[in-house]
Amino acid sequence: MIRFRLIGQWVIAALAVSLFASPLSAQVAETEYEGSAALGLELRQLGTTKRVLMIGAHPDDERTQVLSTLALGEGADVAYLSLTRGEGGQNGIGPELQEALGLIRTEELLSARRVDGAQQFFTRAVDWGFSKNPEEAFMMWPRDELLADAVAVVRDFRPDVIVSVWSGTPADGHGHHQAAGIIAEDAFHAAADPDRYPEQIAAGLRPHAPIHFFRLVRRVDDAANAELATGEFDPLVGLSYFQIAMASRSRHRSQDMGSILRPGPETSPLTLAATRLETTPDAVFAGVDSTLVARARAIGTSAPGALTNALSRYQATLDDARRAFNPLRPQQIVPFLAEAARYVDEAHRLARVEGAGALDLLFHIEQERQEVENALLLAAGITVDAISEDEAVVPGQTFSMEVQAWNGGDAVVGLTTLEPSLPDGWTAVTTEDLSRTLAPGVLVTRTFQVTVPANANPTEPYFLQLPRDGARYTWSDEVGFVGVPFQRDAGRAVAGLEINDFALDTDIAATFQDVDQWRGEFRRPVRVVPAVSLTVEPGLTVLPIARGDEPIRMSVRLVAEEPDGIDGVLSFVAPAGWRVDPAQVPVSFPTAGTERVLEFSLFAPAGVDQDRVSVDAVFTDESDRRFDRGYTLVDYEHIRPRPIYSEAELDVQVLDVVLPEGLRVGYITSAGDNVPPALLELGVPLEFLDENDLASAPLDGFDVIVVGIRGYEGRPDLVTHNQRLLDYVEDGGTMIVQYNQYQFTAPGLAPYPISIDRPHDRVTDPTADVTLLEPDHPIFNTPNEITAADFEGWVQERGLYFLDTWDDRYTPLIEMADPGEEPNRGSLVIADVGEGTYVYTGLAFFRQFPAGVPGAYRLFANLLALGVDR
């Protein structure tokens, strides 16, 4: 078994000696296909040892039609390596950004892979936002360290073919894309060199030399060496591989990737960038030993007759199984699959005798063992399940877990084990004996009392447990993973089975089972959580100096999961001079699942100046245990929920900002827009305009109407009723449109013609110099004087979707540029429209407000002030 650990900052592998324990990568890919469709796809994969690794930079970079065609159509073992988890992007379905968005996109990738049949890997790189060149990317991700991560995945997954999504040239656009193309080609060569990253070799990973390195053809004039027919219809699924790919792509909901499942012919060309063959291949797997027999012959074994004979019999038995396969009677192929599994056992024993020369063959045999066992379970109709009585368990808690085995087939099956499979320190006891047989139609259930150790850590994604190293994740030496999306669930169950005299083990994660009257049964992972979790709302607030004597309202949400209840005191740790009222509160939780939301007032010291301070909330129980963290569950219907933990603290940004008084502001919001909460915290009263308001409500009472980010994309009613808004401006109103995408340039949406270049202009350097083109303009003087200091401390980027061209009736107000680029003036433009004022800005206020950037608040206050005395 390959177990991964860390030495220093490096993830490496050590090889253990258990007979059929499989490497991390030798796991059957998760799938949403069930029954005979799943079995048919598994039969297509058995006996085929072809392996492909696709490499890109982000979630949604992957060419899903290539993945689905190779994985489901050709039965290859396929994986996608995304350098990042997409943390720096935008969110089309909710307010989450940064690490929380990375959790969403990681889960969306896993959801997509369950459709297209591939597996998923990552490096430690964090997506910090848009990059214009690979040099900038490698400043954030040290090239050698990023390459080491990619090489580790190549040496672990051991692909025959690497497919790069990107070319590694300026044609890729995004600097992350270019970096991914460069790293993909570097990994193709470096993974084969034992002198590169020798610490990996010393710890158990072996050099690996993929045979071909292809790139996706992205332009019609690029040469193609191979072509995949991705539009072929698959009768097992009832869709073409392209249609399956579009269903997979539609799982990227946070990126607005919904796609039509278009039928008909489709192709995906590939261009060859490197090969270890002497001739140029004309197909993806040209020259690849794609069967176990071929791989056995290639190693020059000392006992080729016995080993190749076992593998030949394995292949022949699989052929018999495929010929006998009847989707309505899958049990008919159980004898063939059991016999095939025995041949794999024999081949493994013989290959082990060959020693180091047969390690690659052993790798593929172990993969086949996993896959043939999975097929045997499907054919026999065996289902194993584990159901927890509780979704959230705390350290020291004992909870009930039911472990079930159901024989849906037509033959008696032996049952040697049916019990929880738990981490070290966890225990499980039962008074129920194990039935040694599982007759057709019978469901066997055993109930265990599982105890979580008192020192168990909360369930938290392994890559979020320690502070980041710049734009790279770090994790502790105790975490045993390289490139995997998440660690394995703590609560699992194992069943030992004998099917047609073949013994195998299978395990499954325990889940909490519940039912909703609207959507029916649903399952959720079991999580270890603190006995008491605390979250402070808001997590960040702003306090204008002029209102320094006013109390800051905050709430603390406490959730207790201690089964027998818990009592204690909630108190605060505040900087000198700051005061919380009340300073402490006794809190009692009689049962698990009890929630308390307590309101407090925070007072700043007299004469407070612009500053950033933190106030921490702490719950201390009667045993003097301290709890000062809480979690938010990132939870959407299309993905599995994941917790993201944070300290229970309120950050206060004291601002030297003056707000226009008495403004009536209408706001048109859309998904992913986190500007309104920040404005409300600032003290700006907002009235949110819905479809009915835009259609018919009077608008002349508003001094300012603000359109949120991507409003013209996410609010069709905004497009429909846009003329009413332009009429409002014409009659003397002020309208502020924040960044929107290309839909916004359609004729008639803006008052005068505009264009946005493709790709759009943006300034990604948050420290880029900013020039005020008209420093005397009210935007820079009323009510706050805006200077260069107000553009200090900006995060991730200055802005995006800047205008490329605009009518002469617009006036540009700001000039900025990334290093080495021509100045851009499309980030903030203003126009007089009739009696009113119209503003478009691509400045990334939606990123600055959650970070508490003072200058962003001051500038936005001045934008709102344009509505005064119009």
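Take the chain with all the other protein chains still there, run a 1.4 Å probe, and you get 40 Å² of accessible area per residue. Computed as a quarter of the hull surface, the mean projected area of the alpha carbon convex hull for region 645-758 stands at 9.8 nm². Given R₀ = 60 Å, what would the calculated FRET efficiency be for Gln449 paired with Thr811, taking r from the Cβ atoms and rounding to 0.05? After rounding, the FRET efficiency stands at 0.25.
How charged is the neighbourhood of Pro766? Take every other residue with its Cβ under 14 Å from the Cβ of Pro766, and add Lys/Arg as +1 and Asp/Glu as -1. Don't jump to the answer; show the numbers that get you there.
Values: positive: Lys132, Arg762, Arg798, Arg847; negative: Glu136, Asp765, Asp769, Asp790, Glu792, Glu797, Asp818.
Net of charged neighbours comes to -3.
Relative contact order for the chain: what is it in percent, counting Cα pairs under 8 Å that are at least 6 residues apart? Don't skip to the end; give the middle numbers.
Working: 2007 pairs, mean separation 81.2, N = 870.
Taking the mean separation of contacting Cα pairs over the length of the chain, I get 9 percent.
If r is the Cβ-Cβ distance from Ala306 to Thr383 and R0 is 60 Å, what FRET efficiency results, to the nearest 0.05? So the FRET efficiency works out to roughly 0.95. Here the simple spin-label model places points 7 Å from the Cα toward Cβ, and for Asp776 and Ala746 these points are separated by 4.1 nm. Per atom type, region 42-96 shows carbon and sulfur on 40% of its accessible surface, probed at 1.4 Å. Per-residue 3J(HN,Hα) values for region 74-87, derived from phi via the Karplus relation 6.51 cos²θ - 1.76 cosθ + 1.60 with θ = phi - 60°, read 9, x, 7, 8, 10, 9, 10, 9, 9, 4, 10, 9, x, 5 Hz in sequence order (x marks Gly and Pro).
Report in % the part of the accessible area of region 127-171 that belongs to carbon and sulfur, leaving out ligands and nucleic acids; probe 1.4 Å.
Using a 1.4 Å probe with all protein chains present, region 127-171 comes out at 61 percent carbon and sulfur.
Think of it as helices only: each DSSP H run of n ≥ 4 in the chain is worth -39500 (n - 2.57), and spread over all residues that comes to -7000 deg cm²/dmol at 222 nm.
Extending 7 Å from Cα along the Cβ direction at Arg276 and again at Leu359 yields two label points whose distance is 1.4 nm. Sparse packing (at most 15 other Cβ atoms within 10 Å of the Cβ) combined with a DSSP loop state is found for the following GluC sites (Glu not before Pro) in region 809-870: Glu821, Glu835. For region 242-376, with all protein chains in place and a probe radius of 1.4 Å, 50% of the accessible heavy-atom surface sits on carbon or sulfur. A simple charge model with +1 on the Cβ of Lys and Arg, -1 on the Cβ of Asp and Glu and nothing else charged puts the dipole of the chain at about 2680 debye relative to its Cα centre.
To the nearest ten degrees, helix 35-45 and the longest principal axis of the Cα atoms of the chain are 70 degrees apart.
Measure nothing fancy, just the Cα-based angle from helix 334-353's long axis to the longest principal axis of the chain, in degrees from 0 to 90, nearest 10. The two axes meet at around 90 degrees. The GluC sites (Glu not before Pro) of region 594-633 that DSSP puts in a loop, and whose beta carbon has at most 16 other beta carbons within 10 Å, are Glu622. Determine, from the Cβ-Cβ distance of Arg323 and Ala229 and an R0 of 22 Å, the FRET efficiency 1/(1 + (r/R0)^6), rounded to the nearest 0.05. After rounding to 0.05, the efficiency reads 0.35. Counted by Cβ distance under 14 Å from Arg105, the other residues give a net charge of -3, where Lys and Arg count +1 and Asp and Glu count -1. Once the mean of 1/r is taken over each pair of separate Cα atoms and inverted, region 346-451 shows a Kirkwood hydrodynamic radius of 16.5 Å.
Here each label is just a point 7 Å from Cα along the line to Cβ, and for Ala411 and Glu30 those points are 3.1 nm apart.
Could you pull out the GluC sites (Glu not before Pro) across region 707-786 that fall in loop regions by DSSP (anything but H, G, I, E, B) with no more than 11 other Cβ atoms inside 10 Å?
Taking region 707-786 and a limit of 11 other Cβ atoms within 10 Å, no loop GluC sites (Glu not before Pro) are found.
Of the residues Gly568, Pro582, Phe603, the one whose Cα sits farthest towards the positive end of the charge dipole of region 563-610 is Phe603 (charges of +1 on Lys and Arg Cβ, -1 on Asp and Glu Cβ, taken about the Cα centre).
Assign unit charges at the C-beta atoms only (+1 for Lys and Arg, -1 for Asp and Glu), then state the dipole size of region 506-638 relative to its Cα centre in Debye, rounded to the nearest 20.
Rounded to the nearest 20 debye, it is 280 debye.
For region 632-725, what's the relative contact order in percent, using C-alpha pairs closer than 8 Å and at least 6 residues apart?
28 percent.
The C-alpha atoms of the chain define a longest principal axis, and helix 175-190 lies at about 20 degrees to it.
The values are calculated or read from the model by the stated rules, or taken from the named source; none is laboratory data. Given the structure is predicted, the values throughout are model-derived calculations rather than measurements. As a convention, Cβ positions derive from the backbone with ideal geometry for all residues, glycine included, and neighbour counts pool all protein chains shown. In case anyone asks, the SASA skips ligands and DNA or RNA and just uses the protein heavy atoms, side chains included. Shrake-Rupley method; radii C 1.70, N 1.55, O 1.52, S 1.80 Å.
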